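The values are calculated or read from the model by the stated rules, or taken from the named source; none is laboratory data. On a predicted model such as this, the values are computed, not experimentally measured, just so you know. We place every Cβ from the backbone using ideal geometry, glycine too, and count neighbours over all the protein chains shown.
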Amino acid sequence: MINSITIRRPDDWHLHLRDGDMMRAVLPYTARQFGRAIVMPNLSPPVTDVEKTAAYRGRIIAAIPAGLDFTPLMTCYLTDTTDPMDVARGHSEGVFVAAKLYPAHATTGSAHGVTDIAKIYPVLEKMQAIGMPLLIHGEVTDHHVDIFDREAVFIERTLSKLVRDMPELKIVFEHITTRDAADFVIDGPETLAATITPQHLHINRNAIFAGGIRPHFYCLPIAKREEHRLRLREVAVSGSRKFFLGTDSAPHSVGAKESACGCAGIFGAPYAIESYTAVFDEENALDRLEAFASENGPRFYGLPLNEGTITLHRQSHQVEEKLTAAGEDIVPFHAGEEINWRLGLK
Ligand SMILES: NC(=O)N[C@@H](CC(=O)O)C(=O)O
Ligand SMILES: [Zn+2]
Ligand SMILES: [Zn+2]
């Protein structure tokens with residue numbers, strides 16, 4: 001039995017840090033594990049321009065705990081009126097690593113998102129020309145479509161056409177949750193990849209309703225049937241370079257989650273790498289963890305691999321029922337459960 005594993009330092013290719021006190025409280029959880037993270041721009045109001053994004057990056061850098069080496073990679077929030085030249089300028093100045101497409105009203109913080117992808121085709125053409133990746137929250141917002149089908153219908157109605165229209169555009173299909181998405185990515189061109197969260201590898205939709213309604217398992221895209229979870233596990237550990245780590249850690253206070261209209265988002269940051277390691281261990285694929293966590297992402301983005309390493313030990317420990325962030329209680333993913341792996345202190 002393998003009792004410890006050392007891998008190249010991983011990155012988180014999909015992360016919500018929020019801002020202000022919440023950002024300062026949650027950032028250390030990420031920075032202790034990951035060398036870099038793609039920081040999502042869905043603040044309220046969203047960060048849509050170069051200057052605001054550079055300022056946000058400055059606030060994050062100022063909050064990195066002493067002794068930790070961490071680089072935030074910033075993203076541009078696309079709206080119906082985004083100017084292609086602004087996106088290109090932000091990219092050439094090294095502020096925007098990628099741009100994020102939220103279909104308007106698809107998820108938390110997406111009210112200013114794109115109402116019709118045709119409106120941003122000039123931006124996407126520019127991104128394609130300069131090699132800048134497009135990150136997509138891939139769900140239709142049509143409320144006639146069942147919530148469990150919104151990702152699959154997005155592929156049919158939007159993504160398959162986009163991939164055909166922009167054959168050179170690098171696209172990351174974020175936080176995929178279905179067999180349909182996994183297969184679409186596998187069958188698609190080299191320019192198409194996907195991130196997979198820990199929650200979608202660990203839970204299926206039953207978890208949201210186990211013995212009562214469980215708001216801390218509610219996120220978007222919502223967890224699906226077991227067959228989808230199993231397919232995500234298969235592709236994550238398959239060794240395919242098209243899939244990589246993206247936690248989608250999305251902190252919300254207990255009050256905002258445990259409410260008559262609770263927010264979508266799971267706070268996976270505290271034990272993210274342990275959570276993924278448990279999956280790879282259960283799938284007898286610990287030898288493939290490093291590719292998923294530390295190599296496939298930077299290779300797709302065209303960035304160097306991290307230099308350092310981390311070590312995980314087989315050591316069972318119980319996750320806290322709640323943590324405190326910015327004076328609020330916040331419930332982490334795996335709250336109260338045992339995890340069999342622990343990141344070594346270095
Ligand atoms: N995943 C979520 O359920 N929530 C995210 C937004 C997102 O990534 O869709 C958030 O910002 O809270
Ligand atoms: Zn999303
Ligand atoms: Zn997200």
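Residue-level analysis places ILE273 among those that are of a type outside the set (Lys, Arg), within 20 Å of MET23 (Cα to Cα) and away from ligand 1 (no atom under 16 Å from the Cβ).
With respect to ALA98, is the statement that it is touching a residue at least 60 places away in the same chain (Cβ under 8 Å), touching an Asp or Glu at 6+ places or on another chain (Cβ under 7 Å) and either assigned to a helix (DSSP H, G or I) or within 16 Å of ligand 1 (Cβ to nearest atom) (or both) true? For ALA98, the condition - touching a residue at least 60 places away in the same chain (Cβ under 8 Å), touching an Asp or Glu at 6+ places or on another chain (Cβ under 7 Å) and either assigned to a helix (DSSP H, G or I) or within 16 Å of ligand 1 (Cβ to nearest atom) (or both) - is not met.
Within region 208-254, restricting attention to residues that are more than 10 Å from ligand 1 (Cβ to nearest atom) and among the aromatic types (Phe, Trp, Tyr), the residue that is farthest from the chain's Cα centre (by Cα) is PHE209.
Checking the structure you have, find out if any residue of region 245-261 is small (Gly, Ala, Ser), part of a loop (DSSP other than H, G, I, E, B) and crowded, with 20+ Cβ neighbours inside 10 Å. The answer is yes; a qualifying residue exists.
The residues on offer are ALA63, ALA98, ALA88, and the sole one that is within 15 Å of ligand 3 (Cβ to nearest atom) and either in contact with a helix residue (DSSP H, G or I) (Cβ under 6 Å, 6 or more places away or on another chain) or within 24 Å of GLY265 (Cα to Cα) (or both) is ALA98. Taken over region 33-45, the criterion of being within 16 Å of ligand 1 (Cβ to nearest atom) and buried (at least 21 other Cβ atoms within 10 Å of the Cβ) is satisfied by ALA37, ILE38, VAL39, MET40, PRO41, ASN42. Residues in region 48-57 that are more than 21 Å from the chain's Cα centre (by Cα) and within 21 Å of ASP12 (Cβ to Cβ): none.
Residues checked against (1) in a helix (DSSP H, G or I); (2) surrounded by fewer than 22 Cβ atoms within 10 Å (Cβ to Cβ):
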position: ILE273; (1), (2): yes, no
position: ARG288; (1), (2): yes, yes
position: PRO298; (1), (2): yes, yes
position: PRO304; (1), (2): no, yes
position: THR311; (1), (2): no, yes
position: ALA335; (1), (2): no, yes
position: ASN340; (1), (2): no, yes
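Among the strands (runs of 3 or more DSSP E) confined to region 102-215, the ones with at least 1 residues that are polar (S, T, N, Q) and within 19 Å of PHE292 (Cβ to Cβ) are located at 192-196. Selection within region 194-217: residues that are touching a strand residue (DSSP E or B) at 6+ places or on another chain (Cβ under 8 Å) and under 18 Å from CYS263 (Cα atoms). The member of this set that is nearest to ligand 3 (Cβ to nearest atom) is THR197. In region 69-82, of all residues being surrounded by fewer than 17 Cβ atoms within 10 Å (Cβ to Cβ) and in contact (Cβ under 8 Å) with a residue 40 or more places away in the chain, the one that is farthest from ASP12 (Cα to Cα) corresponds to ASP80.
When restricted to residues that are more than 9 Å from ligand 2 (Cβ to nearest atom) and surrounded by fewer than 21 Cβ atoms within 10 Å (Cβ to Cβ), region 99-108 contains 2. All of THR71, THR115, THR48 fail the test of being of a type in the set (Val, Ile, Thr), modelled with pLDDT under 95 and within 25 Å of HIS175 (Cα to Cα), apart from THR48. Residues in region 23-46 that are in contact with a strand residue (DSSP E or B) (Cβ under 6 Å, 6 or more places away or on another chain), of a type in the set (A, V, I, L, M, F, W, C) and within 16 Å of ligand 3 (Cβ to nearest atom): VAL26, PHE34, ALA37, ILE38, VAL39. Just the residues that are closer than 20 Å to LYS119 by Cβ and buried (at least 16 other Cβ atoms within 10 Å of the Cβ), please, taken from region 129-149. Of everything in region 129-149, those that are closer than 20 Å to LYS119 by Cβ and buried (at least 16 other Cβ atoms within 10 Å of the Cβ) turn out to be MET132, PRO133, LEU134, LEU135, ILE136, HIS137, GLY138, GLU139, VAL140, THR141. Taken together, the residues in region 11-32 that are away from ligand 1 (no atom under 13 Å from the Cβ) and within 20 Å of ALA111 (Cβ to Cβ) amount to 1. The C-beta contact set for region 254-267 (first residue in contact (Cβ under 8 Å) with a residue 24 or more places away in the chain and over 19 Å from ALA223 (Cβ atoms), second residue part of a loop (DSSP other than H, G, I, E, B) and more than 9 Å from ligand 1 (Cβ to nearest atom), distance under 7 angstrom, 6+ apart or interchain) comprises VAL254/LYS322; VAL254/VAL331.
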